[in-house]
Amino acid sequence: MQKLGKNHGGYHGETIDIRAVLPDIKSAARLHGWTTELFYRTGDLDLFALHRPSLVTRHPSRIYLSTGIHGDEPAGPLAALKLIQENRWPANAEIYLVPCLNPDGFVLNTRGNADGIDLNRDYRHLESSEISAHVRWLERQSRFDLTLCLHEDWESHGFYVYELNPDGQAPLGENMVAAVARVCPIDLSPVIEGREANGGVIRPSLDSAVRPQWPEAFWLLQNKTRRSCTLEAPSDFPVSVRVDALVTAVNAAFAAWQR
Ligand SMILES: [Zn+2]
């Protein structure tokens, strides 16, 4: 599978109509018994969290997923829609899913929001309305056993994953990479985005206190979880391939985590 060669200096692939995708996500979620909680509105576009109750009532695990924080990464919201439609969730877990944190960015096809703020660097200083509202929502939630943030990288040669796992629980990254290798290439570079990588898995140092800007995964690790993975699909491949890569990785993470 060859790269499309479209992404010179940024993302130049397919775009989505977020005003059509968000209603599709809401109606698929309703069909499968999820509830919707609105936590912010920007113009006519909603930021909302979806909740799917566990099928077991005694001590269910809690899983959180988010995506759509970068408006030039359309595979994330489409993967959220596909995951809801396929409806293959761990039976013993409550699922929380925020399918689009940056709807204005999708309208503009920009990484940042309408003010040009990179929302995935805003979890320390909370300068944007979107992330301020998201953190207020997160603060009302109990802790999560597993958190997954779905992204794309326009520069990458293949799929890769960041894994934050400070307690040394059974790793998930290698399972995701092995599953996604059947869908699209893996980025096997020894250094990705300036960080040491091993077979498509990056385990960043936990230097969050000295990092001037925090991505969502750092806030989650500081406040709500001990296990956070950030999935990066390679956006110089067709969007359908990237959606498959993200969905495959999420399902592989669930399978490995349940073992
Ligand atoms: Zn991203």
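What follows draws every value from the coordinates through simple rules; no lab data is involved. Predicted, not measured: the structure shown is a model, and the values here were computed from it. As a convention, Cβ positions derive from the backbone with ideal geometry for all residues, glycine included, and neighbour counts pool all protein chains shown.
For region 97-195, what is the per residue volume of the convex hull drawn over the alpha-carbon atoms, in cubic angstrom?
Details: hull volume 14.9 nm³, N = 99.
Taking the convex hull of the Cα positions in region 97-195, it is 150 Å³ per residue.
Panel note: the C-alpha atoms of region 1-137, placed on their principal axes, show extents of 50, 41, 26 Å (largest first). Using C-alpha pairs under 8 Å with a sequence gap of at least 6, the mean separation divided by the residue count of the chain gives a relative contact order of 23 percent.
At a 10 Å Cβ-Cβ cut-off, how would you order Thr42, Thr248, Thr57, fewest neighbours first? Numbers along the way, then the final one.
Working: Thr42 17, Thr248 21, Thr57 7.
By the 10 Å Cβ count, ascending, the order reads Thr57, Thr42, Thr248.
Using the Cα atoms of region 27-75 to build a convex hull, what is its mean projected area in square nanometres? Kindly include the intermediate steps, with their values, before the conclusion.
On the way: hull surface 18.9 nm².
Mean projected area of the Cα convex hull: 4.7 nm².
Placing unit charges on the Cβ atoms of the charged side chains and taking the dipole of the chain about its Cα centre, the candidate lying farthest along the positive direction among Val210, Val239, Asn87 is Asn87. What residue among Glu130, Glu37, Glu193 has the largest mean-square fluctuation in a Gaussian network model of the chain, using Cα springs under 10 Å? Looking only at Glu130, Glu37, Glu193, the biggest GNM fluctuation is shown by Glu193. Simple rule: put +1 on each Lys or Arg Cβ and -1 on each Asp or Glu Cβ in region 25-146, find the dipole, and look at Leu45, Thr35, Pro74; the Cα lying farthest toward the positive end is Thr35. When +1 charges are put on Lys and Arg Cβ atoms and -1 charges on Asp and Glu Cβ atoms, the dipole computed for the chain relative to its Cα centre reaches about 920 debye. With the simple spin-label model, which puts each label point 7 Å out from Cα in the Cβ direction, the Ala255 to Val56 separation comes to 2.0 nm. Note on Leu55, Leu108: ascending count of other Cβ atoms within 10 Å places them as Leu55, Leu108, the fewest first. Of interest is the spacing of the C-alpha centroids, which for region 117-195 and region 205-225 amounts to 11 Å. Between Ile186 and Phe159, the built amide H atoms are under 5 Å apart, and every one of these is 5 or more places off in sequence or on another chain.
Relative to its residue count, the chain spans a Cα convex hull of 120 Å³ per residue. With neighbours defined as other Cβ atoms within 10 Å of a residue's Cβ, the residues Arg211, Arg242 order from fewest to most as Arg211, Arg242. Projected over all directions and averaged, the alpha-carbon convex hull of region 195-236 occupies 3.9 nm². Taking the chain as a Gaussian network of alpha-carbon nodes connected by springs under 10 Å, the highest mean-square fluctuation of the residues Pro204, Pro103, Pro234 belongs to Pro204. Taking the square roots of 5 times each eigenvalue of the Cα gyration tensor of region 70-119, largest first, gives ellipsoid semi-axes of 27, 11, 6 Å.
Computed over all pairs of different Cα atoms, the Kirkwood value for the hydrodynamic radius of region 145-259 is 14.1 Å.
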